[in-house]
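Comments concern the structure below.
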Amino acid sequence: MEENVDPEDAPTCATCGEPVANNPTHRVVTWVEDDAVQARHFCDDDCRDAWDDER
Ligand SMILES: [Zn+2]
């Protein structure tokens, strides 16, 4: 398991892998799994919508 990731620790887009830290259209999706908050970052809505193969 990973340590908690600091929010300022340059996340990357889950779809295309680009850094999203300085992207103004940055999106974050969070959910709770096993009593822990999970987060996934995306460049923008297009990349978020492209992520459709989870679960
Ligand atoms: Zn992306």
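Only the coordinates and a few stated rules stand behind these numbers; no lab work does. Given the structure is predicted, the values throughout are model-derived calculations rather than measurements. Glycine also receives a Cβ, built like all others from the backbone with ideal geometry; neighbour counts cover every protein chain displayed.
If you go through region 22-55 and keep only what is more than 9 Å from the ligand (Cβ to nearest atom) and acidic (Asp, Glu), you end up with Glu33, Asp34, Asp35, Asp45, Asp49, Asp52, Asp53, Glu54. Within region 8-33, being acidic (Asp, Glu) and under 14 Å from Arg48 (Cβ atoms) holds for one residue alone: Glu18.
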